[in-house]
Amino acid sequence: MDLILTAIAEMAQPFRMLMLVTGVFAGLVVGVVPGVGGLFAMALLIPMTYGMDPYAAFALLLGMGSVTTTSDTIPAILFGVPGSVGAAATVLDGHAMAKKGEAARAFGASYSASMIGGVFGALVLALAIPVMRPLVLYLKTPDFFAICAFGLSIVAILAGSQPLKGLAAAMLGMLASFVGIDQIAGVERWSFGQIYLWDGLPVSLVFLGLFGLPELASLLLRGSIQGSAERPSYAGMRQGILDTLREWPLVLRCSAIGSLLGAVPGIGIAVLDWIAYGHASRRPGSGPKFGQGNVRGVIAPESANNAKEGGALIPTIAFGVPGSASMSILLGAFVVHGLVPGPEMLGKNAAITVSMVLSVAVANIVGAVTCLMLTRQLARIAQVSASILVPLVVTFIVIGAYQTNMSAFDFLLVILVGAVGMAMKELNWPRSAFSLGFVLGPALENYFFLAYQISGWSWLKQPLVLVLLGLAVAGVVRQTLSWIRARGRAGALPLALPDIAMGAILTVLGIAALVTAAAGFPFEAAIFPIITASFLTLFSLLTTVQTVWRWRSPTAIAVAAPEAAGEWQPSGGPVMKGNIAVIGLCLALAALVLLTGHLAATFVFVAGSIVALGSRSLKTPLAVAAGATLAIYALFDLLASQPWPTPWLAALLRLP
């Protein structure tokens, strides 16, 4: 008790509380901007702590890191664009709720669940630090592989009524995650000689393209986020909070998932979100189906991703093993301030450890309350015209992507992945399964090879491995049997030629990946890609055969379940026009950025796009463009002072 009182007294000093609040507001701002993320902000803030004492320094850093997963739900719910990789699961039901006029309810549920999850994670951190070391040391490489494999089994649930498509999409995501230099053998895999691809495909850019651009195309067609004219109210926000309180067992279970699995090194936040989402979808409860606006699909991932921060601190503080990528950066702050993770953090520096717990808890409360106060105003954005929203969101996506590597390939990658995401959305191939495969692929490969290298195949006999792999197989089998029974009642699905073409393309891609991996990579780098490509070929081929069989069935269209069919329309239809328009906007902005620089490009693009999309006056486009330019300047030039490449036009003008 004396230790807790000491930590409270230390943290109560005005400057330290100011740093905590400053970190919270910095985290909220960073979380809103797609493509930036907590890693960027953490690396930016560490140099600012050099002259601070440890209490103030970690209050600033943990205040920021604890709430980026609170505010990243704002673009996820409003635009279907995950503010960070931790909001990808929230997109599915949160954005669906916003489209139905329930944005305030989604925000209320999200922020209240985030607050409870964050405080729960802090409590777990406080209780677990003394006993966590032996538990984490007990887990071996095969156990980590089994945990990741169990997470991958969520694919069967995320795929809903079409498990074959889900499994094929997950394998495609895993193959995409293998692009770059292999960490085990040190050889290039499918980088095509491009240095840009040596580090693999950036996760944030893949998620922006996969989820963001397809939803912007839909938004452009609808005219606004919210179809109805109903104005957001405090009643909606209150209903969302009551939803969270009513679902308190789900909140606690998902908070436990986030904090406990967050303490396992290598299990990232994107994985935790999908595991929590899959757990919730096993018991859908009342209301809409998952993916169509079920509030439990918002509560579950938001509880888990905020609880994860407390869990990730456990191995970081206990013995210097970062529980997440942001914690690896935080270890640099330990060095700067002369702290050594391990026994000293529970002895001589125990008060600092307790202050970290308090910082995480208070930051989550302050962040959630701040967002709740803004909920009604944020929900009003759902009524703003798409002709204004789409150019603004495209601007932050494209420039946020560009600042990742300052390369034209950043633009190309987001647009290409966006095109793939559009095709998957319209043909009803689950993008969530692709994203889960993409984030789990590297961890599965590393754990698989290390386990094989250490124990051969004997690791498959370990008890925990058998239990987790058994649960994974049982989950897939159960969902497949449910699909077979439902198909028998509902009849076959109507399918179009593009769906057949998609399956055929993935089959050919799987065969090509299998052949190139077997022929061109050494064993260490080839074994897991070969396994993945084989499964991709199998699942894609089965999907294609199933599609052709249904298509030939004379009763297929008559007895079809319309909600399971893709939304594909022939070229020239509104869906295709929306997709082409968004890709065109991205290409136009990318060209302007390369030619004139990010600030001039922002102003010209936003003003021109709003006019082109139907504005009848110049006043609104110019005002919105000026505001967007100031926001870009404040974020990427003042807050994150970094050199930008010389625009092509400026380089040409310097020529003699």
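If the limit is 23 Å between Cα atoms, which of Lys308/Lys461; Lys100/Lys165; Lys99/Lys425; Lys99/Lys619 go over it?
On the way: Lys308/Lys461 30 Å; Lys100/Lys165 27 Å; Lys99/Lys425 16 Å; Lys99/Lys619 28 Å.
Long pairs (Cα-Cα over 23 Å): Lys308/Lys461; Lys100/Lys165; Lys99/Lys619.
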Which net charge results when you count Lys and Arg as +1 and Asp and Glu as -1 among the other residues whose beta-carbon is under 14 Å from that of Leu358?
-> -1
Compute the FRET efficiency between Leu252 and Arg380 as 1/(1 + (r/R0)^6), taking r as their Cβ-Cβ distance and R0 = 41 Å, and round to the nearest 0.05.
-> 0.80
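What is the sum of charges around Leu78, taking Lys and Arg as +1, Asp and Glu as -1, for the other residues whose C-beta is under 14 Å from the C-beta of Leu78?
+2
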Gain in length, Leu3 to Trp549, computed as 0.36 nm per residue apart minus the alpha-carbon separation, to one decimal in nm?
-> 189.6 nm
Pseudo-spin-label distance Phe192 to Val508, built 7 Å along Cα→Cβ, given in nm, is 1.5
Which of the trypsin sites (Lys or Arg not before Pro) across segment 354-437 are loop residues per DSSP, with 16 or fewer other Cβ within 10 Å?
-> none
Can you list the residues, at least 5 places off or on another chain, whose amide H is less than 5 Å from the amide H of Ser224, using H built in the peptide plane?
-> Ala386
Kindly state, to the nearest 0.05, the FRET efficiency for Leu653 paired with Lys619, given R0 = 35 Å and r defined as their beta-carbon distance.
-> 0.65
If R0 is 56 Å, what FRET efficiency do you get for Ile580 and Val340 from their C-beta distance, rounded to 0.05?
-> 0.50
For the pair Leu416 and Gln239, how long in nm is the line joining their label points, each one 7 Å along Cα→Cβ?
-> 4.4
Within a Cβ distance under 13 Å of Gly31, other residues only, what is the Lys/Arg minus Asp/Glu net charge?
-> -3
Taking amide hydrogens as modeled 1.01 Å from N in the peptide plane, which residues meet the under 5 Å criterion relative to Val295, leaving out close sequence neighbours?
-> none
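Every number here is computed from the coordinates shown, using simple stated rules; none is lab data. For clarity, every value in this text was computed on a predicted model and none was experimentally measured. Ideal geometry is used to build each Cβ from the backbone, glycine not excepted, and the neighbour counts take in all protein chains shown.
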